[in-house]
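Structure record follows, encoded as structure tokens.
Only the coordinates and a few stated rules stand behind these numbers; no lab work does. Here the structure is a predicted model, which is why all the values come from computation and not from measurement. In this analysis, Cβ positions are derived from the backbone assuming ideal geometry, glycine residues included, and neighbour counts consider all displayed protein chains.
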Amino acid sequence: MNDTNNTRTRCLLPDWSSTVSLFRAAHSKMSSGNARIGHPAPNFKATAVMPDGRFKDLSLSDYKGKYVVLFFYPLDFTFGCPTEINAFCDRAEEFKKLNCQVTGGLGPMNIPMVSDPKHTTAQDYRVLKADEGILFRGLFIIDKGILWQITVNDLPVGHSVDETLRLVQAFQFTDKHGELCPAGLKPGSDTIKPDVQKSKEYFSKQK
């Protein structure tokens, strides 16, 4: 995967390595890694349990040409993690309609579950809670091998499937139309043309 042909427009602050949201974890030691917004997503190759129950060697490059939502969760057989896993599994078809593959779940499931026994992938994506050997709740949106969105929550708070779907739809809209997506954009909402004069059309409607 390479990003030499990547032509999408993004509002990126030039010297930020990522836009990571951390909640209640300032005291916790996070692993260093290579996950950076606007850069190639760290590739991985690992054994995965597929939705049909087969074991398969899976890598990020297997999903070339698709959007990928990759999420990490702290622990199996606990309280909050199954709710997040089931929420994504239950709505896997909605992501598939957007040509987007969700990866990270648990059975019975509609998405692949990737093993990471040595925490190699977790370290690359900077979600390893190094002092305890468990993972923060990380979620990553990847397209054409490039990482476009990072959210990392502390252990007690799961991710929103609705918000993840909204973000995938928003990124796909900007890919197709080249316009900017304001806060809270949903399908059919007004967007902003990246031009000083043309953008006035959007802002004039916000009065």
### Task
List the number of the failed condition for A122; all other conditions in (1) touching a helix residue (DSSP H, G or I) at 6+ places or on another chain (Cβ under 7 Å); (2) hydrophobic (A, V, I, L, M, F, W, C); (3) in contact (Cβ under 8 Å) with a residue 40 or more places away in the chain; (4) closer than 24 Å to T83 by Cα hold.
(1)
### Task
May I ask you to list pairs of residues, at least six apart or on different chains, whose Cβ atoms are under 8 Å apart, with the first in the range 62-88 being under 20 Å from R166 (Cβ atoms) and the second being of a type in the set (K, R)?
F71/R137; E84/R137
### Task
Please go through the range 115-128 and pick out each residue that is crowded, with 21+ Cβ neighbours inside 10 Å and β-branched (V, I, T).
T121, V127
### Task
Could you check how many residues of the range 61-84 are aliphatic (A, V, I, L, M) and either in contact with an Asp or Glu (Cβ under 9 Å, 6 or more places away or on another chain) or under 15 Å from Q172 (Cα atoms) (or both)?
2
### Message
So F173 passes all but one of these: (1) in a helix (DSSP H, G or I); (2) surrounded by 19 or more Cβ atoms within 10 Å (Cβ to Cβ). Which condition number does it fail?
### Response
(2)
### Query
Quick check, is S115 among the small types (G, A, S) and either in contact with a Pro (Cβ under 6 Å, 6 or more places away or on another chain) or farther than 28 Å from D62 by Cβ (or both)?
no
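Here is a yes/no grid of residues against (1) in a strand (DSSP E or B); (2) surrounded by 21 or more Cβ atoms within 10 Å (Cβ to Cβ); (3) in contact with a helix residue (DSSP H, G or I) (Cβ under 8 Å, 6 or more places away or on another chain):
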{"site": "E132", "(1), (2), (3)": "no, no, no"}
{"site": "L147", "(1), (2), (3)": "yes, yes, no"}
{"site": "H159", "(1), (2), (3)": "no, no, yes"}
{"site": "L167", "(1), (2), (3)": "no, no, no"}
